[in-house]
1. Identify the residue in the stretch 64-74 that is surrounded by fewer than 14 Cβ atoms within 10 Å (Cβ to Cβ) and modelled with pLDDT of 70 or more and, among all such residues, is nearest to the chain's Cα centre (by Cα).
2. Which condition breaks for residue 137 when tested against (1) closer than 12 Å to residue 41 by Cβ; (2) crowded, with 21+ Cβ neighbours inside 10 Å?
3. Which residue is farthest from residue 110 (Cα to Cα), if the candidates are limited to the stretch 165-185 and must be at pLDDT below 95 and surrounded by 13 or more Cβ atoms within 10 Å (Cβ to Cβ)?
4. For the stretch 15-26, which residues satisfy the criterion of being closer than 11 Å to residue 52 by Cβ and either modelled with pLDDT of 85 or more or surrounded by fewer than 15 Cβ atoms within 10 Å (Cβ to Cβ) (or both)?
């Protein structure tokens, strides 16, 4: 926790200056209690960009292979990252995530699962909706415009200069649980709602960034 508080000003401050980050909708971010940040995902720089929207410590879920990279894996761990197997069978990570949310922490989940391309939200994974229904916390959709143009990884690994606009959407509240098992139809319904909300904030982010 202390390490996160120390490095956060650098992790978020540098992107703000380099890419003239504008954030709209900060009033939608809860000041207390657990919640899920659900950003669009187009670039690795989405990680520090997502951290800009709240000063609270954010726990990030990341694929397990990242935690095996020297130095980078250690940094992710110190920052509170959660290693997740990509095959969807990592029950330990699920239990830890639900427990953290129930305890009032903030969890960042990229609903699209992995980095995508373009301005259209791709089919979502059910994780964010499931965690919200299990723990009873809201999901905060976040649209990030400009990250893909700045850092395209393998095609162009050197970050470019540009402008980034982030739009934070209104919280999506899950239905109250009525039993021990979360019905699949409720997960699917909340996932569909999140998909629409995420597309809306991403569209807004691009419109604001492009000056339309």
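1. If we take residues in the stretch 64-74 being surrounded by fewer than 14 Cβ atoms within 10 Å (Cβ to Cβ) and modelled with pLDDT of 70 or more, then 65 is nearest to the chain's Cα centre (by Cα).
2. Among (1) closer than 12 Å to residue 41 by Cβ; (2) crowded, with 21+ Cβ neighbours inside 10 Å, the lone unmet condition for residue 137 is (1).
3. 177
4. 16, 19, 21, 22, 23, 26
The values are calculated or read from the model by the stated rules, or taken from the named source; none is laboratory data. Computed from a predicted structure; not experimentally measured. Methodologically, a virtual Cβ is constructed for each residue, glycine included, from the backbone with ideal geometry; neighbour enumeration extends over all protein chains shown.
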